[in-house]
Amino acid sequence: MKRSLYLPLLTSLVLLVMVDAAPAQTRDTIAARDALGRLGIPAARVTLAVKPATKPYYRVRVARGGDMLVEGSSSVALVHGATQYLQRQGRLSLSWEGRRVAPIGTLPNDDTGPVESAFTLRTYLNTCTFGYTTPWWNWDRWSSEIDWMAARGIDTPLAMEGQDYVWRALWRDQGLDDATIAAGLSAAPFLPWQRMGNIAGYRAPLSAGWIEKKHQLQRQILGRMHALGMKPILPAFSGYVPKAFADRHPQARIYRMRAWEGFAPTYWLDPSDPLFATLAKRFTQIYTQTYGPGDYYLADAFNEMVPPIAEDGSDARSAQYGDSIANSAATRAAALPAAVRDARLAAYGEKLFQSVTAAAPNATWVMQGWLFGADKTFWTPEAIRAFLSRVPNERMLLLDIGNDRYPGIWKSTEAFNGKNWVYGYVHNYGGSNPVYGDLGFYWDDLTALAQSPGRGNLTGFGLFPEGLHSNSVAYTYAYDLAWGEQPRRPVANWIAEYARARYGAAPTGIVTAWEKVIAGAYTTRYWTPRWWETKAGAYLFFKRPTLSGADYPAAPGDATALRAGITGLLANAPRQPAPLLVYDVIDFSRHYASLRLDVRLRAAIAAYAAGDVAKGDADAAAATRLARGIDALIGNQQETLGSWIADARAYGDTPSEKDDFEQQAKAIVTVWGGEGNLSDYGSRAWQGLYAGYYLPRWQIFLAAQRKAAQAHTPLDQAATLAAIRAWEQSWLKDGRTWPRQRPAAPLVAVRALLAEADRT
């Protein structure tokens, strides 16, 4: 008997008047209802209906008494529509820092009308996120993140977990034994760069237990994503092979690539070699057998690696990489004849596409476009055109992720020469977490994009952070703008609704304070000091000490306005402030105090260098007080060094494995690795790191500087740096787990820290 497509009766007469009939529960509505339930929204008050449409949309209608009818083009649209509406009503706030859900029974009668997305796809995550943030995530944490994705309207996230299970199976197929395979796979937090061909075997072997945990986890992740109608972006073979494989195939066309950031060179198999097609097809076959088929497959062959153009690949080995990493003026590859370069690049692009579709004939090849902005010397518009020239426009999706760092690549390439493409921002680099973003820029930029006649086959919008868990306001606002909100969602209007949803109430004083915070911190498109004189780290305090720190530039933003905003939030906070208000005040105060700490460090370095020991001592002591005060204050924040280590150790099955994971977790947020400039790239504003890692390094440096000043001799900076590096390595292995220490009276501690920071 044919199942009826309509319910015979609606529980609310008002809802019956609003629509002719509501469809019976389908797989899409069940998945959406389950997600809303997990987010704390009572299922009994919400009726859901999927109505396919040419553009993604949602519509929310509210009957007397607060019952909601949500219709939309997909399960994700339903979840986004319901949560977005409740956010605007001040009833729901979802963020990494916490969740606030208020009763919905008193919602007014309302009808949003259809709210469309200007983008067919809303994309999310960066390949690096799976190293900087998720290596120790369990299913509960992933489940929460997927629900957050749906609430933000995201439907094409990267899904990179669990692939190492497939890589191991592939190399077993090729005759490598498990010990050899494990020795060639990098430690868990560093795997994204292994997958992109930058490194291999760093801090190996990769734990078999970790591989199996991620294998099971990816099944759960994909199951949930598919249930919600998402189309996750899956990994594909891009050509990098283990050295052991290269050694076994001396006749194959395998290039030794450049030594990325001082790591050992990696090996890339030319797509024209018959082995390439064999391995690529087999990888996708194993992946499909393990996890099921997909629609989108990511293959990044040249992430911060120069493509081999010379026949022997020597240019790829010798070339320095682009302006952001090595500041090179040219590369040997770029100097080769354009016709040679273009022919090789066209062949590479064609073969990479064919390798993706060999075992998935209807698949779309996805690649990140970061390389085009980061190495403009090589990737000229002509080189990009050649690389993409033999790939069908509709079978490629190019993620133009860096428009807050390298804007305008899409314009110089005529919207990537007709390819489908996604516009977006990285925002976060390495998980390092100063308070920054640029809400006004997102508004202006997306408005201009919508009005541009040259956007070609613009298909989607996305945020591609390297790390998560900071500056939620930037992510909430940007994804809100992806759903037809521009005409009525400028920052000044939006922030009042955001604050009301986040805190439960947002009187004028709170909104005014937030406007000052935005003026002080959230008008920064890219946090420029985080990469300064080849040194990483969000603040001077986070960087390895150096005499040049005396000339460290002023931070972006307006510290005076930020300070005024913090004062306003404190002055207007109720007697029992909402937890998220306390969280925000602490985060903003931590950032402000870190900026002041940098001022003190600069002054101390300069004073000792000038021989003024007394002033150097005073400034060094002030910096020490600030560092310890910040460390004590931030124990209630989402993550600490102790929580990060605890999560890593929980992934281990034996004491030895737990110890290994602990050291790996500490390394990725501090020394990183290699002989290049990656130290402190993943630096974090966490409790435990301020007082336990950054401060001791500066104490070693300033003590050496003080001693040299007293002796009227130049500082032996090389010896001092060597001592610091040795201390760092011992710190990784010292076994301290830095358990979280929560402040008893956080706002009292905030006021004390601010008073210390304000002293001149």
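Please tell me if Trp148 is modelled with pLDDT of 95 or more, part of a helix (DSSP H, G or I) and over 23 Å from Tyr255 (Cα atoms). Yes, satisfied. Among residues of region 441-468 that are closer than 27 Å to Glu639 by Cβ, those with a beta-carbon under 8 Å from a residue that is aromatic (Phe, Trp, Tyr) and assigned to a loop (DSSP other than H, G, I, E, B) at least six positions away or on a different chain give the pairs Glu466/Tyr429; Gly467/Tyr429; Leu468/Trp96.
So which residues in region 307-340 are modelled with pLDDT of 90 or more and either of a type in the set (Lys, Arg) or touching a Phe, Trp or Tyr at 6+ places or on another chain (Cβ under 6 Å) (or both)? Correct list: Pro308 only. In the set (1) within 30 Å of Gly90 (Cβ to Cβ); (2) open to solvent by 40 Å² or more (accessible area, probe 1.4 Å), Arg596 fails one condition alone, (1).
Consider region 547-572 and keep the residues that are surrounded by 18 or more Cβ atoms within 10 Å (Cβ to Cβ) and within 12 Å of Leu601 (Cα to Cα). The one that is nearest to the chain's Cα centre (by Cα) is Tyr552. Screening region 450-544 for helices (runs of 4 or more DSSP H) wholly inside it with 2 or more residues that are more than 26 Å from Ala118 (Cα to Cα) and polar (S, T, N, Q) returns the ranges 508-521. Of all residues in region 139-155, those satisfying the criterion of being open to solvent by less than 10 Å² (accessible area, probe 1.4 Å) and acidic (Asp, Glu) are Glu145, Asp147.
Per-residue answers, yes or no, for (1) open to solvent by 60 Å² or more (accessible area, probe 1.4 Å); (2) small (Gly, Ala, Ser); (3) at pLDDT 95 or above:
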position: Ala499; (1), (2), (3): no, yes, yes
position: Pro507; (1), (2), (3): yes, no, yes
position: Thr512; (1), (2), (3): no, no, yes
position: Glu515; (1), (2), (3): yes, no, yes
position: Thr523; (1), (2), (3): yes, no, yes
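Summed over region 253-269, the residues that are in a loop (DSSP other than H, G, I, E, B) and without any contact (Cβ under 8 Å) to a residue 60 or more places away in the chain give a count of 3.
Hey, can you tell me all the residues within region 257-275 that are touching a strand residue (DSSP E or B) at 6+ places or on another chain (Cβ under 8 Å) and surrounded by fewer than 18 Cβ atoms within 10 Å (Cβ to Cβ)? Selection gives Pro265, Asp273.
Where strands (runs of 3 or more DSSP E) fall wholly inside region 14-128, the ranges with 2 or more residues that are over 30 Å from Gly430 (Cα atoms) and open to solvent by less than 20 Å² (accessible area, probe 1.4 Å) are 46-50, 57-62, 68-72. For region 135-144, the criterion of a residue being closer than 30 Å to Asn457 by Cα, free of Cβ contacts under 8 Å to residues at least 60 places away in the same chain, under 26 Å from the mean Cα position of the chain (by Cα) and not in a loop (DSSP other than H, G, I, E, B) is satisfied by no position. Residues in region 733-750 that are surrounded by fewer than 16 Cβ atoms within 10 Å (Cβ to Cβ) and assigned to a helix (DSSP H, G or I): Val748 alone.
Here Leu206 does not fit the description of being in a helix (DSSP H, G or I), under 29 Å from Trp644 (Cβ atoms) and not β-branched (Val, Ile, Thr).
Against the test of being outside any loop (DSSP other than H, G, I, E, B), among the polar types (S, T, N, Q) and buried (at least 18 other Cβ atoms within 10 Å of the Cβ), the options Thr284, Thr290 yield a single qualifying residue, Thr284.
Among the criteria (1) outside any loop (DSSP other than H, G, I, E, B); (2) surrounded by fewer than 22 Cβ atoms within 10 Å (Cβ to Cβ); (3) over 26 Å from the mean Cα position of the chain (by Cα); (4) polar (S, T, N, Q), the one Asn362 does not fulfil is (1).
A quick yes/no check of all residues on (1) open to solvent by less than 10 Å² (accessible area, probe 1.4 Å); (2) within 27 Å of Ser314 (Cα to Cα); (3) without any contact (Cβ under 8 Å) to a residue 12 or more places away in the chain; (4) not in a helix (DSSP H, G or I):
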residue	(1), (2), (3), (4)
Pro157	yes, no, no, yes
Leu170	yes, no, no, no
Ala182	no, no, no, no
Pro189	yes, no, no, no
Ala244	no, yes, no, no
Gln251	no, yes, yes, yes
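Here Pro381, Pro392, Pro361, Pro407 are screened, and the one residue that is touching a Ser or Thr at 6+ places or on another chain (Cβ under 7 Å), free of Cβ contacts under 8 Å to residues at least 40 places away in the same chain and not aromatic (Phe, Trp, Tyr) is Pro381.
Entry remark, region 86-123: residues being under 30 Å from Leu397 (Cα atoms) and of a type in the set (Asp, Glu) number 1 in total. On the basis of being loosely packed, with under 11 Cβ neighbours inside 10 Å, out of contact with any helix residue (DSSP H, G or I) (no Cβ under 9 Å at 6 or more places or on another chain) and farther than 21 Å from Ala621 by Cα, does Ala722 make the cut? In short, no.
The values are calculated or read from the model by the stated rules, or taken from the named source; none is laboratory data. Just so it is clear, the model here is predicted, and its values are computed rather than measured. Every residue, glycine among them, receives a Cβ derived from its backbone with ideal geometry; neighbour counts consider all protein chains shown. Protein only, heavy atoms only, side chains kept; ligands, DNA and RNA dropped before computing areas. Shrake-Rupley method; radii C 1.70, N 1.55, O 1.52, S 1.80 Å.
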